[in-house]
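*Asks:* Sharing a structure, written as structure tokens. Questions coming.
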Amino acid sequence: MQITDDLNKLLDIVPDEIRQPLEKHPQRNNLIEIVMDLGRLPEARFPSNAEYLSQTPITKADLNHCIERVGSFGGDNRAGIEQTLHRISALRNRSGEIIGLTLRVGRAVFGTIEIIRDLVEMGQSILMLGRPGVGKTTALREIARVLADDLKKRVVIIDTSNEIAGDGDIPHPAIGRARRMQVSRPELQHQVMIEAVENHMPEVIVIDEIGTELEALAARTIAERGVQLVGTAHGNRIENLMKNPTLADLIGGIQAVTLGDDEARRRGSQKTVLERKAPPTFEIAIEMLERQRWVVHERVAEAIDTLLRGRQPNQQIRSISETGEVMIAHESGTPPARFPGIPVAAPTAVSAIRPVTPLSGWRSAGKMVPMPPPTDKIAANGVPVSETRYFEQLLEESLSLEPVPKPGRFSQNIGPNGEDLPLHVYPYGIARHQLEQVISTLSLPVVLTKDIDSADVVLALRSNVRNQSKLRHLAKTRQVPLHTIKASTLPHVAKALRRLLDMEDPSTPEIADLNLFARSGSSDEIEALEETRLAVEQIVIPKGQPVELLPRSPNVRKMQHELVEHYHLKSHSFGEEPNRRLRIYPA
């Protein structure tokens, strides 16, 4: 790996009392930036520490000494040194005068993308994510050079702040044969992106810091014209883009979809779920966790779909060993719910733990018939059977059982030796992840089971029970109490479990009827209110985290505010129209 930094050219523009300590400094080659603020001591920053370079505060003469030796500052308050990659950023006071400078060392690192060279050669669009200073721009510069020099492609770099190809009219040699288009003002970057495609026939467009909705739309337009994109965006992980309405289009966009009753029951989820809106602009996403440790999502579409279902996608972790070899490890997915959507329930360890025979202490005495759990739906001939047929078999075998009186409320759960035993609940038509979330948050002594025979109680949606006479009869003949709730929401689920355990909290707010808050009852209003309800019930209340909603019109935002007040929470509108949206805060 070869590193070129032209550090002497950066040191030439600073005053002598700042330059001299750095010329002899043992960490000179690791210098990140020099900070010069008016009236403060000059500071040098390194990867592991920062130290003062002089005991004399910076004066205006020191600042002017630097300003006179660099190019002009643009609309983004950045300047550079011609034929170098160094970046000089200015701090201004209210009058517009420069009162501080940050001199960032620019380095061209040749060989830094060997870790993903196979992905670069595939010809698919690549999105780089990572915190500031992790090396996104350096990697972008090297990718442009490899594509232009090694793969002989027509590459155009959209260089908004002259950070990729350096200051001046002649690009830095680090980009190889790639061409560079400069941007006069940062807000015009999206126009230059389209102009590059229309005028210069590129095969590859390289963009640094996609940060606005217009730039995200321009990137999609370019990708749909068959041009390969390589870019960076704000955000450490791919989940950050999912939660960012401005940049969500880069990974396909997120929309709320209303499912039919059958599909919602099949998924075990709410009727309103979040799904990907369109194919992602970038086929590959790379999370740069550290300079030589990157997480690779080779199929962004699959990764987003998996995350929306509340599971962690399979991913590659690539790193560089001490000997310079590329190490690739595969990490299998796990099921944490991290996005404020309605993910499909995934099996967890607690739901897989089930006693062979039901524990005493929760039911009145009765005749029990052991049956295999639904996960073992095998007929006598060894052929798997459907869940409907499974219930029919249970029903046929339970006809000889005597019915029991109507179940009452549970009050205690004591084992034969006085120990506490958990309540085994068989959910029907209720999202398993919601039950698990309530059980975990409230620390309830409840275990979910997939076998109605080992259940102490069946918890079902009232609407489902009305249409399931077999379920009612089965619960009755199996002597398993059947408890129903009106809606599969966190408040209803929590209240039901507390009631079963004699822990009901009378202060738990009842679920709001969304129609009471809607003005016209249109689908847009109901969708926005449903989004608000889901955010409150799944993120704000149980996790104590603030949530930002999608942009809405002023009238719809007013309805959302009223719904948030129903939950005794606070909300605030922020942003500029038409992207003004709500932020909901925990109590």
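*Asks:* Name the pairs whose Cβ atoms lie under 6 Å apart, with the first residue in region 509-523 and on the phi > 0 side of the Ramachandran plot and outside any loop (DSSP other than H, G, I, E, B), the second at pLDDT 60 or above and charged (D, E, K, R), and 6 or more positions between them or separate chains?
*Replies:* So the pair list comes out empty.
*Asks:* Now a separate question. If I filter region 90-99 for residues that are under 17 Å from residue 165 (Cβ atoms) and open to solvent by less than 50 Å² (accessible area, probe 1.4 Å), do I get at least one hit? It would help to see each step written out before you state the result.
*Replies:* Within region 90-99, the subset under 17 Å from residue 165 (Cβ atoms) is none.
No, there is no match, as no residue in region 90-99 is under 17 Å from residue 165 (Cβ atoms) and open to solvent by less than 50 Å² (accessible area, probe 1.4 Å).
*Asks:* Could you count how many residues in region 67-82 are crowded, with 16+ Cβ neighbours inside 10 Å and touching a Gly at 6+ places or on another chain (Cβ under 9 Å)?
*Replies:* 4
*Asks:* Does residue 13 satisfy being open to solvent by less than 40 Å² (accessible area, probe 1.4 Å) and outside any loop (DSSP other than H, G, I, E, B)?
*Replies:* Numbers: open to solvent by less than 40 Å² (accessible area, probe 1.4 Å): yes; outside any loop (DSSP other than H, G, I, E, B): no.
No, not satisfied.
*Asks:* Give region 204-227 a look and list any residue that's assigned to a helix (DSSP H, G or I), closer than 22 Å to residue 123 by Cβ and open to solvent by 10 Å² or more (accessible area, probe 1.4 Å), or say none. Don't jump to the end; show me each part of the working.
*Replies:* We begin by selecting, within region 204-227, every residue assigned to a helix (DSSP H, G or I); these are 213-224.
Checking which are closer than 22 Å to residue 123 by Cβ leaves us with 216, 218-224.
Across region 204-227, the qualifying residues are 220, 221, 223, 224.
*Asks:* In addition: If I ask for residues that are of a type in the set (D, E, K, R) and in contact (Cβ under 8 Å) with a residue 12 or more places away in the chain, which ones from region 205-225 would you list? Even if it seems obvious, please write down each step before you answer.
*Replies:* So the first thing to find is which residues in region 205-225 are of a type in the set (D, E, K, R), and the list is 208-209, 213, 215, 220, 224-225.
Answer for region 205-225, where residues must be of a type in the set (D, E, K, R) and in contact (Cβ under 8 Å) with a residue 12 or more places away in the chain: 208, 209, 213, 215, 220, 225.
*Asks:* Right, next: Under 8 Å by Cβ, and 6 or more places apart or on different chains, what pairs join a residue from region 488-503 that is farther than 12 Å from residue 460 by Cα with one that is modelled with pLDDT under 80 and of a type in the set (Phe, Trp, Tyr)?
*Replies:* Matching pairs, first to second residue: 500/410; 501/410; 502/410.
*Asks:* Looking at 196, 165, can you tell me which residue is outside any loop (DSSP other than H, G, I, E, B) and crowded, with 21+ Cβ neighbours inside 10 Å? Full working, then the answer.
*Replies:* Details: 165 fails: outside any loop (DSSP other than H, G, I, E, B).
Of the residues listed, the single one that is outside any loop (DSSP other than H, G, I, E, B) and crowded, with 21+ Cβ neighbours inside 10 Å is 196.
*Asks:* For region 525-538, name all the residues that are hydrophobic (A, V, I, L, M, F, W, C) and either open to solvent by 10 Å² or more (accessible area, probe 1.4 Å) or closer than 12 Å to residue 557 by Cβ (or both).
*Replies:* So the first thing to find is which residues in region 525-538 are hydrophobic (A, V, I, L, M, F, W, C), and the list is 526, 528-529, 534-536.
Residues satisfying the conditions are 526, 528, 529, 534.
*Asks:* Now for a different question. Restricting region 221-235 to residues that are within 21 Å of residue 132 (Cα to Cα) and among the small types (Gly, Ala, Ser), which is modelled with the highest pLDDT?
*Replies:* 231
*Asks:* Go through 31, 63, 38 for me and flag whichever is more than 20 Å from residue 91 (Cα to Cα) and either open to solvent by less than 80 Å² (accessible area, probe 1.4 Å) or within 36 Å of the chain's Cα centre (by Cα) (or both).
*Replies:* On the way: 63 fails: more than 20 Å from residue 91 (Cα to Cα); 38 fails: more than 20 Å from residue 91 (Cα to Cα).
So the residue among 31, 63, 38 that is more than 20 Å from residue 91 (Cα to Cα) and either open to solvent by less than 80 Å² (accessible area, probe 1.4 Å) or within 36 Å of the chain's Cα centre (by Cα) (or both) is 31.
*Asks:* Let me ask you something else. Filter region 235-257 down to the residues that are in contact (Cβ under 8 Å) with a residue 40 or more places away in the chain and more than 10 Å from the chain's Cα centre (by Cα), then identify the one that is nearest to residue 581 (Cα to Cα). Show your work before the answer.
*Replies:* Of all residues in region 235-257, those in contact (Cβ under 8 Å) with a residue 40 or more places away in the chain come to 235-243, 245-246, 250-252, 254, 256.
So of that shortlist, the ones also more than 10 Å from the chain's Cα centre (by Cα) come out as 245-246, 250-252, 254, 256.
Numbers: 245: 10, 246: 11, 250: 20, 251: 21, 252: 20, 254: 15, 256: 16 Å.
Per the stated criteria, the residue is 245.
*Asks:* Also, quick follow-up: Answer with yes or no whether residue 146 is assigned to a loop (DSSP other than H, G, I, E, B) and open to solvent by less than 10 Å² (accessible area, probe 1.4 Å). Step through it out loud before you land on a result.
*Replies:* Details: assigned to a loop (DSSP other than H, G, I, E, B): no; open to solvent by less than 10 Å² (accessible area, probe 1.4 Å): yes.
So residue 146 fails the test.
*Asks:* Moving to a separate point now. Determine whether region 6-23 contains at least one residue that is under 28 Å from residue 139 (Cβ atoms) and polar (S, T, N, Q).
*Replies:* yes
*Asks:* Hey, residue 44 hits all of (1) open to solvent by less than 50 Å² (accessible area, probe 1.4 Å); (2) assigned to a strand (DSSP E or B); (3) within 19 Å of residue 137 (Cβ to Cβ) but one; which does it fall short on?
*Replies:* So the condition that residue 44 fails would be (3).
Yes/no per residue for (1) without any contact (Cβ under 8 Å) to a residue 40 or more places away in the chain; (2) within 23 Å of residue 121 (Cα to Cα); (3) β-branched (Val, Ile, Thr):
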{"position": "263", "(1), (2), (3)": "yes, no, no"}
{"position": "270", "(1), (2), (3)": "no, no, no"}
{"position": "275", "(1), (2), (3)": "yes, no, no"}
{"position": "298", "(1), (2), (3)": "no, yes, no"}
{"position": "305", "(1), (2), (3)": "yes, no, no"}
{"position": "308", "(1), (2), (3)": "no, no, no"}
{"position": "318", "(1), (2), (3)": "no, yes, no"}
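*Asks:* Hey, any hits in region 110-126 for a residue that's over 30 Å from the mean Cα position of the chain (by Cα), buried (at least 22 other Cβ atoms within 10 Å of the Cβ) and modelled with pLDDT under 90?
*Replies:* Within region 110-126, none of the residues are over 30 Å from the mean Cα position of the chain (by Cα), buried (at least 22 other Cβ atoms within 10 Å of the Cβ) and modelled with pLDDT under 90.
*Asks:* Being open to solvent by less than 60 Å² (accessible area, probe 1.4 Å) and modelled with pLDDT under 75 narrows it down to one of 480, 457, 493, 465, so name that one. It would help to see each step written out before you state the result.
*Replies:* Details: 480 fails: modelled with pLDDT under 75; 457 fails: modelled with pLDDT under 75; 493 fails: modelled with pLDDT under 75.
Among 480, 457, 493, 465, only 465 is open to solvent by less than 60 Å² (accessible area, probe 1.4 Å) and modelled with pLDDT under 75.
*Asks:* Taking residue 84 and the conditions (1) assigned to a loop (DSSP other than H, G, I, E, B); (2) farther than 30 Å from residue 115 by Cβ, which numbered condition does it fall short on, given that it satisfies the others?
*Replies:* Of the numbered conditions (1) assigned to a loop (DSSP other than H, G, I, E, B); (2) farther than 30 Å from residue 115 by Cβ, the odd one out for residue 84 is (2).
*Asks:* Does residue 232 satisfy the criteria of being in contact (Cβ under 8 Å) with a residue 12 or more places away in the chain, part of a strand (DSSP E or B) and touching a helix residue (DSSP H, G or I) at 6+ places or on another chain (Cβ under 7 Å)?
*Replies:* Working: in contact (Cβ under 8 Å) with a residue 12 or more places away in the chain: yes; part of a strand (DSSP E or B): yes; touching a helix residue (DSSP H, G or I) at 6+ places or on another chain (Cβ under 7 Å): yes.
Spelling it out, residue 232 is indeed in contact (Cβ under 8 Å) with a residue 12 or more places away in the chain, part of a strand (DSSP E or B) and touching a helix residue (DSSP H, G or I) at 6+ places or on another chain (Cβ under 7 Å).
*Asks:* Do any residues in region 104-115 that are of a type outside the set (Val, Ile, Thr) have Cβ atoms under 7 Å from those of residues that are part of a loop (DSSP other than H, G, I, E, B) and surrounded by fewer than 18 Cβ atoms within 10 Å (Cβ to Cβ), where the two are at least six apart or on different chains, and which pairs are they?
*Replies:* Between residues of region 104-115 that are of a type outside the set (Val, Ile, Thr) and residues that are part of a loop (DSSP other than H, G, I, E, B) and surrounded by fewer than 18 Cβ atoms within 10 Å (Cβ to Cβ), the close pairs are 110/1; 111/1.
*Asks:* Here is a follow-up. Can you pull out the residues in region 279-291 that are open to solvent by 30 Å² or more (accessible area, probe 1.4 Å), in a loop (DSSP other than H, G, I, E, B) and touching a Gly at 6+ places or on another chain (Cβ under 9 Å)?
*Replies:* Within region 279-291, 279, 291 qualify.
*Asks:* Hey, another quick one. Within region 541-560, track down each residue that is in contact with a strand residue (DSSP E or B) (Cβ under 9 Å, 6 or more places away or on another chain), crowded, with 17+ Cβ neighbours inside 10 Å and free of Cβ contacts under 8 Å to residues at least 60 places away in the same chain.
*Replies:* 549, 552, 557, 560
*Asks:* If you don't mind, there's one more thing I want to ask. Could you say whether any residue in region 47-55 is assigned to a helix (DSSP H, G or I) and out of contact with any strand residue (DSSP E or B) (no Cβ under 9 Å at 6 or more places or on another chain)?
*Replies:* If we filter region 47-55 for residues that are assigned to a helix (DSSP H, G or I), which is where we start, we get none.
So far as region 47-55 goes, no, none of its residues is assigned to a helix (DSSP H, G or I) and out of contact with any strand residue (DSSP E or B) (no Cβ under 9 Å at 6 or more places or on another chain).
*Asks:* Every residue in region 168-193 that is of a type in the set (A, V, I, L, M, F, W, C) and outside any loop (DSSP other than H, G, I, E, B), please. Step through it out loud before you land on a result.
*Replies:* Filtering region 168-193 for residues of a type in the set (A, V, I, L, M, F, W, C) gives 170, 174-175, 178, 181, 183, 188, 192-193.
Within region 168-193, 174, 175, 181, 188, 192, 193 meet the criteria.
*Asks:* Of the residues that make up region 99-113, is at least one under 24 Å from residue 222 (Cβ atoms) and part of a helix (DSSP H, G or I)?
*Replies:* The initial filter retains those residues of region 99-113 that are under 24 Å from residue 222 (Cβ atoms), namely 113.
So of that shortlist, the ones also part of a helix (DSSP H, G or I) come out as none.
No, region 99-113 has no match at all.
The values are calculated or read from the model by the stated rules, or taken from the named source; none is laboratory data. The model shown is predicted, which means the values in this text are computed figures rather than measured ones. Don't worry about glycine lacking a Cβ; one is built from the backbone with ideal geometry, like all the others, and counts go over all protein chains shown. In case anyone asks, the SASA skips ligands and DNA or RNA and just uses the protein heavy atoms, side chains included. Shrake-Rupley method; radii C 1.70, N 1.55, O 1.52, S 1.80 Å.
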